[in-house]
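Below you'll find the structure, written out as structure tokens, and then a few comments.
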Amino acid sequence: MNIGYARISTDGQTHAAQINALEAAGCAKIFTETASGAKKDRPILAEALAYLRPNSDDKLVVYKLDRVARSLPHLIEIMETLNADGIEFQSLTEAIDTKTPGGRLLFHVMGAISAFERDLVIERTQAGLKAARAKGRVGGRPRRMTDDKINAVRELLASGTPVKDAATAVGVSVPTLYRWLPGASR
């Protein structure tokens, strides 16, 4: 029996396209989940895996490989569990079917490419953050303005100091200044 698993990352997305493809692939039951693929602990995925019967004709079917896992080690862990239980795996988008030797090879190649792509995204993000820090920008939440800073900004603005200069003087961005002093003139 084909068992489908569909995952979206946020509530703003929809499972519809995945469900349609899984139904067309003959899935008798489809598990749907809204969770980040980076999370290893996903309750609905665990439920879907537990639903599959060892040494039967059951097959886990997904729309796309990254719906199951975002890391190669997690993907391999799931595949090893399925393999040990005699359960097949199929990814519709990548045309991977572990019933065949070619499908098993393609699965490992695609998994490695997915892991490589995720590593590149992380690397680019880290490089961007480093470049921003080099320009004096700091990521994260905007700094909170203390009462002392608010009073200092009010005094500077009252004396005619431009908003940008007042923000720089207390070490915050102009948007942060406006957020904490909504009445400040732009």
Q.
Net charge around PRO43, counting only other residues with Cβ within less than 13 Å of its Cβ (Lys, Arg = +1; Asp, Glu = -1)?
A. +1
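In the structure displayed, which of LYS40/LYS135; LYS135/LYS164; LYS39/LYS64; LYS29/LYS64; LYS64/LYS130 lie more than 28 Å apart, Cα to Cα?
LYS40/LYS135; LYS64/LYS130
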Q) Share of the chain's accessible area from carbon and sulfur, percent, 1.4 Å? A) 54
Q | At R0 = 22 Å, FRET efficiency that the Cβ-Cβ distance of ASP165 and ALA132 yields, to 0.05 | A | 0.50
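Per residue, how large is the accessible surface of the chain? Use a 1.4 angstrom probe and give square angstrom.
61
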Q. With each label point set 7 Å from Cα along the Cα-Cβ vector, what nm distance links ARG124 and ARG104?
A. 3.5
Q.
Run the numbers for LYS40 and ASP11: contour at 0.36 nm per residue of separation, minus the present Cα-Cα distance, in nm.
A. 8.6 nm
Q.
Given the whole protein assembly as supplied and a 1.4 Å probe, what does the accessible area of LYS29 come to in Å², nearest 10?
A. 80
Q. How much net charge surrounds LEU92 when only the other residues with a Cβ under 13 Å from the Cβ of LEU92 are counted, with Lys and Arg +1 and Asp and Glu -1?
A. -1
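The values are calculated or read from the model by the stated rules, or taken from the named source; none is laboratory data. Since this is a predicted model, take the numbers as computed values, not measurements. Here Cβ is always computed from backbone atoms with ideal geometry, including for glycine, and neighbour counts include all displayed protein chains. The area values use the complete protein model at the heavy-atom level, side chains included, leaving out ligands, DNA and RNA. Shrake-Rupley method; radii C 1.70, N 1.55, O 1.52, S 1.80 Å.
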